[in-house]
Amino acid sequence: MSAKARLAQATREAKDIAQAASSDILDELAEFNTSYMQPLDTLLKAINMAIMGDPRVGLESYVKNRRVEQRPTKEGEALPAEIASIDARLIHSEGQMAALSVSMLCAASLTYPWSRWRGLVLDDPLQHNDTIHAAAFADFVCNLVASRGYQVLVSTHDRAQAEFLRRKMASRNLPCAVLNLLGTGQDGVEWAYRSADSVVPLVASA
């Protein structure tokens with residue numbers, strides 16, 4: 001066999017290997033999308049609809065260059081086709097982005113349990129949201145506690161918001177407590193703990 005023939009054969013073999021590898025990668029990507037991305041994306045949209053109630057406000061997750069990326073959803077009327085190429089932060093308000101973040105966290109927690117502790121820690125999840133969306137979020141959290149046995153820890157600087165969440169939980173006979181940090185006193189950090197049926201003033205030594 002001549003040198004040119006050997007080179008041509010080696011080229012064909014390399015091409016066959018590359019095509020087989022490419023096919024395997026596409027199969028793995030399809031399996032990843034089916035097993036991981038689609039369930040997450042479906043649940044994310046469902047949770048976001050429960051909180052926001054607007055199909056035009058949302059994110060789509062997809063894989064690009066081995067990375068999971070997001071783009072604004074293209075669902076709903078009066079939305080330009082070019083919206084998928086625009087940064088989501090330029091489409092949604094701060095309140096909508098905050099709600100989307102909560103939806104993503106909850107969807108990931110429900111889809112991929114990464115801990116034996118069924119719980120969520122949320123820092124000011126209702127920031128920039130109005131009363132209607134705050135009520136929808138409270139109902140969703142109550143459902144997590146009631147149907148999934150979740151423990152949810154929410155921190156907020158808004159006492160009215162904390163009391164609102166506590167009363168929503170109490171109306172469904174779900175366990176709930178509020179811990180108020182009152183500031184620093186002579187004996188240390190002062191705080192008050194409120195359970196379902198009592199208010200207990202406490203002082204933690206510094």
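Tabulated values for the structure
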{"quantity": "Filtered residues of region 63-96 (kept if buried (at least 16 other Cβ atoms within 10 Å of the Cβ), assigned to a helix (DSSP H, G or I) and at pLDDT 60 or above)", "calculated": "A88, G95, Q96"}
{"quantity": "Tabulated pairs, region 95-123, first closer than 13 Å to H133 by Cβ, second polar (S, T, N, Q) and not in a helix (DSSP H, G or I), C-beta under 6 angstrom, 6+ apart or interchain", "calculated": "G95/N129; A98/Q127"}
{"quantity": "Test: residue in region 157-169 that is among the hydrophobic types (A, V, I, L, M, F, W, C) and touching a Cys at 6+ places or on another chain (Cβ under 6 Å)", "calculated": "yes"}
{"quantity": "Criterion (closer than 27 Å to D124 by Cα, touching a helix residue (DSSP H, G or I) at 6+ places or on another chain (Cβ under 8 Å), modelled with pLDDT of 75 or more and of a type outside the set (S, T, N, Q)) met by exactly one of L105, L59, L43", "calculated": "L43"}
{"quantity": "Number of positions in region 143-174 that are more than 21 Å from M49 (Cα to Cα), in a helix (DSSP H, G or I) and among the basic types (K, R)", "calculated": "3"}
{"quantity": "Inter-residue pairs, beta-carbon under 8 Å, first under 18 Å from R159 (Cα atoms) and in region 178-196, second of a type in the set (K, R) and outside any loop (DSSP other than H, G, I, E, B), 6+ apart", "calculated": "V178/R166; V178/R194; L179/R194; N180/R159; N180/R194; R194/R166"}
{"quantity": "Pick from region 129-144, criterion in contact (Cβ under 8 Å) with a residue 40 or more places away in the chain and within 15 Å of the chain's Cα centre (by Cα), ranking: farthest from A160 (Cα to Cα)", "calculated": "F140"}
{"quantity": "Residue within region 125-142 that is exposed (fewer than 13 other Cβ atoms within 10 Å of the Cβ), of a type in the set (G, A, S) and part of a helix (DSSP H, G or I) present", "calculated": "no"}
{"quantity": "Residue in region 175-198 that is on the phi > 0 side of the Ramachandran plot, in a loop (DSSP other than H, G, I, E, B), at pLDDT 85 or above and exposed (fewer than 14 other Cβ atoms within 10 Å of the Cβ) present", "calculated": "no"}
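The values are calculated or read from the model by the stated rules, or taken from the named source; none is laboratory data. This structure is a prediction, so every number in the text was calculated from the model and none was measured. No Cβ is skipped: glycine too gets one built from the backbone with ideal geometry, and neighbour counts run over all protein chains shown.
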